Amino acid sequence: MASVVLTLLALLFGPVQPGSSAPGQGYRLVSSEGQVLAYGASWVGDTGGGGLLSPVVGMATTTSGNGYWLVSASGVVFRFGDATFRGSAAALGLSRPMVGMDADPDGDGYWLVAADGGVFSFAAPFYGSTGNLTLNQPVVGMTATPTGGGYWFVARDGGIFAYGDAGFYGSTGGIRLNQPIVGMASTPSGAGYWLVASDGGIFSFGDAQFYGSLGSLALNQPIVGMASTPSGAGYWLVASDGGIFSFGDADFLGSAGGSPPSGGVVGMGALGT
């Protein structure tokens, strides 16, 4: 609860100097213009905040935590720090825009996912996709398993699609939601995951524990993504204005709530996850 109060104070009065953070914690936010904001993590570059032909829609962090990739809606991939460029989908003539990406924990490759669930693998194994299926709702994001042996997609209605060693532990596909699902994160064991809605509602499945949500609060801006802590005993939610909400053992390390980046925040990536 204390972390939530600290976050709310930061949203009202600007960033609050955090106390000591748990080992290995840190996160980065990315805007639609490719601006990267780092908290408890190194900043190693961004696209300069503007001039892109297509908006950035997601990011993924390298295993070391010393680099990251950004992906645009057109499939362009940008690399920073120790992230290796393995290819992009920019020249493929996409039928639907990209909506997210994740890194292969076993190497320096990555996956891109489109709104129709089409998967594009670069130096990472391909385990399947929904690109040839008719979905009830578009895919909004993906998360790889901790082993790198599979991945999940999540759709706007909370429908879950599991491939490789990713297990299916439940979904909100059959539940009437107040607001659409916008992202997900997996537990360190890979035996569970969280889904987050744009109103900050949290849905826990498998061994994912519920540590709190924002579903009962009136937010200044909608939630656009989430990330779990390395221990799996907490998580962060990020709003489009860069406001950060921390739960469980997730430390509040700073936010952009007082000075949101141009174009708005579209996602986040955490160290060690």
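The values are calculated or read from the model by the stated rules, or taken from the named source; none is laboratory data. These numbers were taken from a predicted model, which means no experiment stands behind them. We place every Cβ from the backbone using ideal geometry, glycine too, and count neighbours over all the protein chains shown. Quick note on the areas: whole protein, heavy atoms, side chains included, nothing else; ligands and nucleic acids left out. Shrake-Rupley method; radii C 1.70, N 1.55, O 1.52, S 1.80 Å.
The table that follows gives values for the structure above.
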read-out: Scope the stretch 220-233; condition closer than 24 Å to GLY65 by Cβ, within 15 Å of the chain's Cα centre (by Cα) and surrounded by fewer than 21 Cβ atoms within 10 Å (Cβ to Cβ); matching residues; value: PRO230
read-out: Matching option when the condition is outside any loop (DSSP other than H, G, I, E, B), under 19 Å from ALA60 (Cβ atoms) and either open to solvent by 10 Å² or more (accessible area, probe 1.4 Å) or among the hydroxyl-bearing types (Ser, Thr, Tyr) (or both), among VAL196, VAL182, VAL238; value: VAL182
read-out: Out of PRO188, PRO222, sole residue that is within 16 Å of GLY267 (Cβ to Cβ) and modelled with pLDDT of 95 or more; value: PRO222
read-out: Condition check for THR47: surrounded by fewer than 21 Cβ atoms within 10 Å (Cβ to Cβ) and in contact with a Phe, Trp or Tyr (Cβ under 8 Å, 6 or more places away or on another chain); value: yes
read-out: Whichever residue in the stretch 66-79 is open to solvent by 30 Å² or more (accessible area, probe 1.4 Å) and in a strand (DSSP E or B) and, among such residues, is farthest from GLY117 (Cα to Cα); value: ARG79
read-out: Failed criterion for GLY212 (all others in (1) of a type outside the set (Ser, Thr, Tyr); (2) within 17 Å of the chain's Cα centre (by Cα); (3) surrounded by fewer than 21 Cβ atoms within 10 Å (Cβ to Cβ); (4) within 15 Å of LEU237 (Cβ to Cβ) hold); value: (2)
read-out: Count of residues meeting criterion [touching a residue at least 60 places away in the same chain (Cβ under 8 Å) and either in a strand (DSSP E or B) or in contact with a Leu (Cβ under 8 Å, 6 or more places away or on another chain) (or both)] in the stretch 215-233; value: 4
